[in-house]
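Have a look at the structure below before the remarks.
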Amino acid sequence: MVSQITQGIKISVNTSFEGTYFKNHKIHFAFSYQITIENHSKDSVQLTTRHWEIYDSLNDIEIVDGEGVIGKKPVLKPGESHIYSSGCLLSSPHGAMQGYFAMVNFTTTRTFRVIVPAFRLSAPFALN
């Protein structure tokens with residue numbers, strides 16, 4: 001697990017290798033990740049957008065931007081948390097992801113970025 005706190009918002013990430021499968025005559029490596037977002041600040045915040053940089057050892061970096069996370073824009077009061085799971089496919093058994101969540105502070109109405117620390121995506125059979 002990796003964790004990081006930005007402006008009182010703690011992001012923790014757990015990853016898992018889900019297996020391989022063939023699609024369009026090509027092998028794909030499936031990974032899942034679970035993200036926990038904890039509000040340790042004194043203000044209520046809302047996650048509005050996400051930005052991902054996905055590194056695949058056999059491909060270029062893929063940039064993914066979008067609204068919310070898995071169709072939600074969670075509001076977190078002080079002390080609350082939100083957990084969600086998602087996944088990605090890589091062309092190789094090794095990769096990584098990192099990014100940020102854009103959030104708005106309801107007290108100040110300011111938007112700020114919460115860093116999602118880099119986390120590795122590695123198939124266990126490929127580690128040595």
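Considering only residues of segment 15-26 that are more than 17 Å from residue 55 (Cα to Cα) and either in a loop (DSSP other than H, G, I, E, B) or in contact with a Ser or Thr (Cβ under 8 Å, 6 or more places away or on another chain) (or both), which is most open to solvent (accessible area, probe 1.4 Å)? Walk me through how you get there before you give the answer.
Step one: of segment 15-26, the residues more than 17 Å from residue 55 (Cα to Cα) are 18-26.
With either in a loop (DSSP other than H, G, I, E, B) or in contact with a Ser or Thr (Cβ under 8 Å, 6 or more places away or on another chain) (or both) added as a condition, the list becomes 18, 24-26.
On the way: 18: 114, 24: 132, 25: 190, 26: 91 Å².
It comes out as 25.
Out of contact with any Phe, Trp or Tyr (no Cβ under 9 Å at 6 or more places or on another chain) and open to solvent by less than 20 Å² (accessible area, probe 1.4 Å): is that true of residue 76 in this structure? Spell out the reasoning first.
On the way: out of contact with any Phe, Trp or Tyr (no Cβ under 9 Å at 6 or more places or on another chain): yes; open to solvent by less than 20 Å² (accessible area, probe 1.4 Å): yes.
Spelling it out, residue 76 is indeed out of contact with any Phe, Trp or Tyr (no Cβ under 9 Å at 6 or more places or on another chain) and open to solvent by less than 20 Å² (accessible area, probe 1.4 Å).
Yes/no matrix, rows are residues, columns are (1) in contact (Cβ under 8 Å) with a residue 24 or more places away in the chain; (2) touching a helix residue (DSSP H, G or I) at 6+ places or on another chain (Cβ under 9 Å); (3) within 20 Å of residue 72 (Cβ to Cβ):
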| residue | (1), (2), (3) |
| --- | --- |
| 16 | no, no, no |
| 28 | yes, no, no |
| 38 | yes, no, yes |
| 43 | yes, no, yes |
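Out of (1) outside any loop (DSSP other than H, G, I, E, B); (2) farther than 20 Å from residue 2 by Cβ; (3) in contact (Cβ under 8 Å) with a residue 40 or more places away in the chain; (4) open to solvent by 30 Å² or more (accessible area, probe 1.4 Å), the odd one out for residue 112 is which?
Looking at each condition in turn, residue 112 falls short on (4).
Give the residues of segment 54-70 that are charged (D, E, K, R) and open to solvent by less than 50 Å² (accessible area, probe 1.4 Å), sorted by residue number.
First pass over segment 54-70, keeping only residues charged (D, E, K, R): 56, 60, 62, 65, 67.
Selection gives 56 alone.
Sort out which residues of segment 82-110 are more than 30 Å from residue 26 (Cβ to Cβ) and under 19 Å from the mean Cα position of the chain (by Cα), and write them in order of number. If you could, list the steps in order and put the result at the bottom.
Initial filter on segment 82-110 (more than 30 Å from residue 26 (Cβ to Cβ)): 82-83, 100-110.
Scanning segment 82-110 gives 82, 83, 100, 101, 102, 103, 104.
Could you check how many residues of segment 1-14 are part of a strand (DSSP E or B) and either of a type in the set (A, V, I, L, M, F, W, C) or without any contact (Cβ under 8 Å) to a residue 24 or more places away in the chain (or both)?
Let us first name the residues in segment 1-14 that are part of a strand (DSSP E or B), namely 2-6, 9-14.
This time we only want the ones that are either of a type in the set (A, V, I, L, M, F, W, C) or without any contact (Cβ under 8 Å) to a residue 24 or more places away in the chain (or both), so: 2, 5, 9, 11, 13-14.
Matching residues across segment 1-14 total 6.
The values are calculated or read from the model by the stated rules, or taken from the named source; none is laboratory data. Remember, it's a predicted structure, so these values are computed and weren't measured experimentally. Reconstructed Cβ throughout: ideal geometry from the backbone, glycine too, with neighbour counts over all protein chains shown. Areas reflect the complete protein model, heavy atoms only, side chains present, ligands, DNA and RNA absent. Shrake-Rupley method; radii C 1.70, N 1.55, O 1.52, S 1.80 Å.
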